[in-house]
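Colleague: Sharing a structure with you now.
The values are calculated or read from the model by the stated rules, or taken from the named source; none is laboratory data. Predicted, not measured: the structure shown is a model, and the values here were computed from it. All Cβ positions, glycine included, derive from the backbone under ideal geometry; neighbour counts span all protein chains shown. Each accessible area value is taken on the protein alone, full model and side chains, heavy atoms only, with ligands, DNA and RNA left out. Shrake-Rupley method; radii C 1.70, N 1.55, O 1.52, S 1.80 Å.
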Amino acid sequence: AIEAATGQRTCIVYGALPAETRRHQARLFNDPHSDVNILVASDAIGLGLNFNIRRVIFTTLHKKACMGRGVKVPTSLIKQIAGRAGRRNR
């Protein structure tokens, strides 16, 4: 939907993706010669991948937990997720 609305290419990273697919999406997003400049991700971006990102926009601070109930993401995890953004090439 983002690509259709903006005409911009996107990469996607979420926890259920195989690790190699997540790494490939990170490489594609970080490649300065790639035409990808939007990353859509879950909190998986805070778990071992570094991105060359200037801006992080959280659409929610809750995630689904067991039984489908929403739980607030801890502040420490929010900081870790946002901290991974922009870490590359510093």
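Colleague: Suppose the filter is more than 22 Å from Ala4 (Cβ to Cβ), open to solvent by 60 Å² or more (accessible area, probe 1.4 Å) and in contact with a Ser or Thr (Cβ under 9 Å, 6 or more places away or on another chain); does Arg27 pass it?
Modeller: Yes: the conditions hold for Arg27.
Colleague: Also: So, in the range 44-69, exactly how many residues are assigned to a loop (DSSP other than H, G, I, E, B) and either touching a Cys at 6+ places or on another chain (Cβ under 9 Å) or surrounded by fewer than 16 Cβ atoms within 10 Å (Cβ to Cβ) (or both)?
Modeller: Qualifying residue count, the range 44-69: 11.
Colleague: So, one more: Residues in the range 19-33: is at least one within 13 Å of the chain's Cα centre (by Cα) and not in a helix (DSSP H, G or I)?
Modeller: No.
Colleague: Among the numbered criteria (1) open to solvent by less than 80 Å² (accessible area, probe 1.4 Å); (2) touching a His at 6+ places or on another chain (Cβ under 9 Å), which one does Lys72 miss?
Modeller: So Lys72 meets the others, but not (1).
Colleague: Between Ile81, Ile12, which is touching an Asp or Glu at 6+ places or on another chain (Cβ under 8 Å) and of a type in the set (Val, Ile, Thr)?
Modeller: Answer to the selection: Ile81.
Colleague: Looking only at the range 1-23, filter to residues that are in contact with a strand residue (DSSP E or B) (Cβ under 9 Å, 6 or more places away or on another chain) and over 22 Å from His62 (Cβ atoms); which one of those is least open to solvent (accessible area, probe 1.4 Å)?
Modeller: Across the range 1-23, the extreme among qualifying residues is Cys11.
Colleague: Starting from the range 41-64, take each residue that is more than 15 Å from Tyr14 (Cβ to Cβ) and list its partners that are of a type in the set (D, E, K, R) and assigned to a loop (DSSP other than H, G, I, E, B), counting only C-beta distances under 8 angstrom and pairs at least six apart or across chains.
Modeller: That search, which allows pairs on different chains as well, returns Asn50/Arg87; Asn50/Arg88; Asn52/Arg88.
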